[in-house]
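Here is the structure we will look at, set down as structure tokens.
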Amino acid sequence: MNDTTTLRLMVKLVRQYPLRYAVNVVTWTVLWTLPILAALIARAYFNRLESEVGLNVPTLMGLMGGYAIFRLAVMFVGMYNDVALMFRLGATMRQNMFTRILSLPGAQAIDESPGEALSRFREDVEHVEETTSWTVDMFGSLAFTLVGVAVLWFVNAQLTVFVFLPFFLVVFLTERTGTRIRRYREQARVATGQVTEAIGEMFGSVQAIKVADAEAPMIRHFERLNDVRRRAMVKDRVFTALLESIYWNVVHVGTGLVLLVAAIQLSGGADFNVGDFALFVAVLMESAEVIHHVGMFVARFKQSGVSFERMVGLLRGAPAEELVAPVELRLEAGRTDAPVPRAAPDADFDRLQVRGLTYTYPGTSNGVTDIDLDIQAGSFTVITGRVGSGKTTLLRALLGLVTPEAGDIRWNGDVVDDPAAFFVPPHSAYTPQVPRLFSMSLRDNLLLGLAVDDGELWDAIEGAVMTPDVRAMSAGLETQVGPLGVRLSGGQVQRTATARMLVRRPQLLVFDDVSSALDVVTEARLWDRLLRSNDRATSLVVSHRHPALQRADQVIVLADGAVAAVGTAKELLETSEEFRMLWFGETE
């Protein structure tokens, strides 16, 4: 990302909080220019010692004390406001990224691993925050430079040139090394994301690693990634430290020249006294800090271009400005959001029609082609087929979790233009092959903020054949399930996800092999309860198991991404060789 775009995004970001940013600019500009006042007081003090003309010593000491107290007060206001502002800027970027991810089709939300995405939410946001915070220091540095040049030029023009010459050398050097700064920072960020990704994958696959006796190879893989990260980080940190060292050395050389010229003028009888020398020394010390700060800011600004580019990558095609778009931040103390009410359907469900639905995975020929599907209200439809036949892909394309390439979807005869937004409660609810639970209580996992009473919640638990399991838990509904539901069995995770669907009372229930971890008896009870409930919802189920197939009003057989046969299990056993192979190939 070029410097112009980086600057434009920063400007759009801070314009959302103009008052706080203005306070920041004023306070830090005052802090940067106050040392010139201290230098003038020092000049008056030394002139008083030399000639005994001017303010007396107690008055000068009082001025210095007042200066110190005022500086501390301004610094407190500046720090407090800066922290509040930077928190808001970071929260704005994080909320915009999160909102965009949630708005995308579920199976296409991010290309990166969760670990890599988290590094963008954390490190990249923090880097932009810090760089934006440093912009107010640039206003202060500019004010210090202008005031300092004016004051010092009036005293001695020749020395003024030597004081501020390093400033221009540092800016020139940083600009010349900008490409390398960006490259090293990008390499370091990518390497860090790969390490974070590997950690997340290994933590989520401990059992698979142990079963495969792959601990040693995985450790070696992790070591290789860390070695790559080490080299990238060393380059980034060493180059930054090298620039910082050069900046300070440039400043120190300039300081030596100033002191040398000042000593010559002081001893040569020029119109230059001890007070003037004290003024130059005091301003020189502050100018050294200014010059170093400006050089580091320019370097950090270029690195921020990398951070902005990585965060914009999470927006998946949205304009870069969406990252810094205004949002409502709910930061009031004690504010709590009301529970999410259960939405009422806009109309009774009558039928779902799908015609010509097509989706293929990018770069492959795998997917589904020209799928026709009819589902009537209250029916129980099962999609079956061999591994890789397109069952899960069909559900994803129907629900908008991936974007179909072609096809027409109609709900009660009306075209569904945005399946991803439409196929949510109260219209439908979906449970994938591997349901996701959160590290919260069982109750919170079931409700996820939904406002229902315990009676309705227990009805959903009963419908999911989960009541005996919950009764047996020591804390009942308050049981902590652990990350990804690790404290529950596979079958309990699947039934928890089923209860989470049922409590929302959707018109269409979509299950993707949700009974794979259930025994035959429990699965049979699950389907029986769904089919016998008073407010029976329409069900669309991916399964290859007999309890589901036997109860289906219609079975849709997929083969190579296309519909091979449609009918009841009894009809298909007589007419479909593909279905007979699936039926007799299963072992109960």
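Laid out as a table, the results:
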{"item": "Which of V128, P547, L31, positive extreme of dipole for the chain (C-beta unit charges)", "result": "L31"}
{"item": "Reachable lysines from K12, criterion Cα separation under 18 angstrom, eight or more residues apart if same chain", "result": "K302"}
{"item": "Shape of segment 504-545, Cα gyration tensor, a/c cut at 1.5", "result": "oblate"}
{"item": "Chain lengthening between R342 and M79 when straightened (0.36 nm per residue, less Cα-Cα)", "result": "90.3 nm"}
{"item": "Within segment 453-502: Cβ-based charge dipole about Cα centre, in debye rounded to nearest 20 (Lys, Arg +1; Asp, Glu -1)", "result": "340"}
{"item": "Globularity ratio of segment 415-525, using Cα Rg and 2.2 N^0.38 Å", "result": "1.05"}
{"item": "Cβ-defined net charge surrounding F121, 13 Å radius [Lys, Arg +1; Asp, Glu -1]", "result": "0"}
{"item": "Relative packing of peptides 404-416, 34-46 - highest average C-beta neighbours within 10 Å first", "result": "34-46, 404-416"}
{"item": "Shape call, segment 379-467: gyration tensor on alpha carbons, a/c limit 1.5", "result": "prolate"}
{"item": "Test item: Cα-centred dipole of the chain, Lys/Arg +1 and Asp/Glu -1 on Cβ, debye", "result": "1260"}
{"item": "Dipole-positive endmost among L352, T384, L9 within the chain (Cβ charges, Cα centre)", "result": "L9"}
{"item": "Ratio Rg/Rh, restricted to segment 62-104 and using Cα atoms, in which Rh is the Kirkwood radius", "result": "1.45"}
{"item": "Candidates per trypsin sites (Lys or Arg not before Pro) in segment 431-492, loop by DSSP, up to 14 other Cβ within 10 Å", "result": "R436"}
{"item": "Of L401, A517, T498, farthest towards positive along the dipole that unit charges on Lys, Arg, Asp, Glu beta carbons give segment 395-536", "result": "A517"}
{"item": "Shape of segment 306-416, Cα gyration tensor, a/c cut at 1.5", "result": "oblate"}
{"item": "Net lengthening on full extension, I101/R176 (0.36 nm per residue, minus Cα-Cα)", "result": "23.3 nm"}
{"item": "Amide N proximity, segment 541-568 versus D370 label position 7 Å along Cα-to-Cβ, cut-off under 18 Å", "result": "557-566"}
{"item": "Contour excess over end-to-end distance, with Cα ends at A150 and Y361 and 0.36 nm allotted per residue", "result": "69.3 nm"}
{"item": "A421-I219 FRET efficiency (beta carbon distance; Förster radius 41 Å; 0.05 resolution)", "result": "0.40"}
{"item": "Residues of segment 386-428 with amide N under 19 Å of a point placed 7 Å along Cα→Cβ from A377", "result": "410-416, 423-428"}
{"item": "Where the chain is the region considered: accessible area per residue in Å², 1.4 Å probe", "result": "49"}
{"item": "Spin-label model distance (nm) - R8 vs E571, 7 Å beyond Cα toward Cβ", "result": "5.9"}
{"item": "Sum of side-chain charges, G407 neighbourhood, beta-carbon under 9 Å (Lys, Arg +1; Asp, Glu -1)", "result": "-2"}
{"item": "Degrees between helix 157-176 axis and first principal axis of the chain (Cα, 0 to 90, nearest 10)", "result": "20"}
{"item": "With every protein chain in place, the chain: carbon and sulfur % of accessible area (1.4 Å)", "result": "59"}
{"item": "Angle between the chain longest axis and helix 178-204 axis [Cα atoms, degrees, rounded to 10]", "result": "40"}
{"item": "Angle in degrees between helix 274-313 and the longest Cα principal axis of the chain, rounded to the nearest 10", "result": "20"}
{"item": "Over the chain, relative contact order from alpha-carbon pairs under 8 Å, at least 6 apart, %", "result": "16"}
{"item": "DSSP bridge orientation in the chain - percent antiparallel, rounded to nearest 5", "result": "50"}
{"item": "Cα-based Rg of the chain normalised by 2.2 N^0.38 Å, two decimals", "result": "1.37"}
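The values are calculated or read from the model by the stated rules, or taken from the named source; none is laboratory data. In this text, all values refer to a predicted model and were calculated from it rather than measured experimentally. Neighbour counts are summed over all protein chains in view; Cβ atoms, including those assigned to glycine, are modelled from backbone coordinates with ideal geometry. Heads up: the accessible areas ignore ligands, DNA and RNA and are worked out on the full protein's heavy atoms, side chains in. Shrake-Rupley method; radii C 1.70, N 1.55, O 1.52, S 1.80 Å.
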